[in-house]
1. Suppose we keep only residues that are out of contact with any helix residue (DSSP H, G or I) (no Cβ under 6 Å at 6 or more places or on another chain) and surrounded by 11 or more Cβ atoms within 10 Å (Cβ to Cβ) within region 21-34. Which one would you say is nearest to residue 53 (Cα to Cα)?
2. Look through 66, 93, 108 and report the one residue that is in contact (Cβ under 8 Å) with a residue 40 or more places away in the chain, within 17 Å of the chain's Cα centre (by Cα) and surrounded by fewer than 20 Cβ atoms within 10 Å (Cβ to Cβ).
3. How many residues are touching a residue at least 60 places away in the same chain (Cβ under 8 Å) and over 16 Å from residue 235 (Cβ atoms) if we restrict to region 150-184?
4. Given the structure, is residue 293 surrounded by 15 or more Cβ atoms within 10 Å (Cβ to Cβ) and not assigned by TED's automatic domain parsing to the domain that holds residue 15?
5. Can you tell me which residue is modelled with the lowest pLDDT among those in region 151-175 that are buried (at least 19 other Cβ atoms within 10 Å of the Cβ) and in contact with a strand residue (DSSP E or B) (Cβ under 9 Å, 6 or more places away or on another chain)?
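The values are calculated or read from the model by the stated rules, or taken from the named source; none is laboratory data. On a predicted model such as this, the values are computed, not experimentally measured, just so you know. For neighbour counting, all protein chains shown are included, and Cβ atoms are generated from backbone atoms with ideal geometry for every residue, glycine included.
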């Protein structure tokens, strides 16, 4: 499903840079189906990824497996392609436990293999626009934010959407939907505000397998001094419009994003001025593959590395710990820690703001 709806459309759009040469699935029928769509003959279809990655004509291995398998498969592939001038793309979160996440963060150095984590929220245009505005102090000093994210998991189970798959309904990794989906939101918040100092979280228990809590509420303090309240509700709907969304408050105004597909970032200033900044929704998948191509060509660094994604995954796992222990949890311990988030992908142009040229 991740390939069909997320990665494959981006590969098609970047067909001048990528060519799909082989496919692998433990279920050979699925691999054969995609081989047919991609016009690949039987020699390019595998049910054992360890055999496929040995091929000399592959430059990139794109790993799309259930969360609980991310670390094991990525480790296997990295160990097999070390020294072979191959690169790896892995889906988020990079692992299901803290120990696995730590080990995953060390894979690029251990096996000398470039690895990108496909955390599309860090590549989405709206998140980078907001990050620019906060970093440039367009609304002055940022004081605090509120964010409410709602996922109707139960409603989506019967639809042809991501919660319909069995492994998401009965996950073998901690947090279930909170880790699998919620990690996006924490990646975005860390991308905008930087390192997190500490969190305190609360959750409402539920009996469904897909997540231990129907809702979590998190108080967050960032190293920058920004504070915020984040809530993730995965067992219902937010019916009233406009949605709560993400609201960031500064000394000279506020930034508002209703939801990721709305197409507009709103900025309201205390003096009455107002900006509506258009963006193209869901461009993260394109932008991440473009960044990966540029990195492989030696033109720019990989923007989202396993080391960076470790921080996103670690944040979610420590929030779950805070709920279970009623503790305040310290996260980024280094006092001067400022993650190197890279830059907005050079070729991922957004619509220019009034009075400025397109970002390049």
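1. Let us first name the residues in region 21-34 that are out of contact with any helix residue (DSSP H, G or I) (no Cβ under 6 Å at 6 or more places or on another chain), namely 21, 26-34.
Retained after the next criterion (residues that are surrounded by 11 or more Cβ atoms within 10 Å (Cβ to Cβ)): 21, 26, 28, 30-34.
Values: 21: 11, 26: 14, 28: 16, 30: 18, 31: 15, 32: 18, 33: 20, 34: 18 Å.
If we take residues in region 21-34 being out of contact with any helix residue (DSSP H, G or I) (no Cβ under 6 Å at 6 or more places or on another chain) and surrounded by 11 or more Cβ atoms within 10 Å (Cβ to Cβ), then 21 is nearest to residue 53 (Cα to Cα).
2. Details: 93 fails: surrounded by fewer than 20 Cβ atoms within 10 Å (Cβ to Cβ); 108 fails: within 17 Å of the chain's Cα centre (by Cα).
Residue meeting the stated conditions: 66.
3. Here the count works out to 7.
4. Working: surrounded by 15 or more Cβ atoms within 10 Å (Cβ to Cβ): yes; not assigned by TED's automatic domain parsing to the domain that holds residue 15: yes.
Yes: the conditions hold for residue 293.
5. That would be 163.
Yes or no, residue by residue, for (1) at pLDDT 95 or above; (2) in a loop (DSSP other than H, G, I, E, B); (3) surrounded by 14 or more Cβ atoms within 10 Å (Cβ to Cβ):
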position	(1), (2), (3)
4	no, no, no
8	yes, no, yes
12	yes, no, no
17	yes, yes, yes
36	yes, no, no
43	yes, no, no
51	yes, no, no
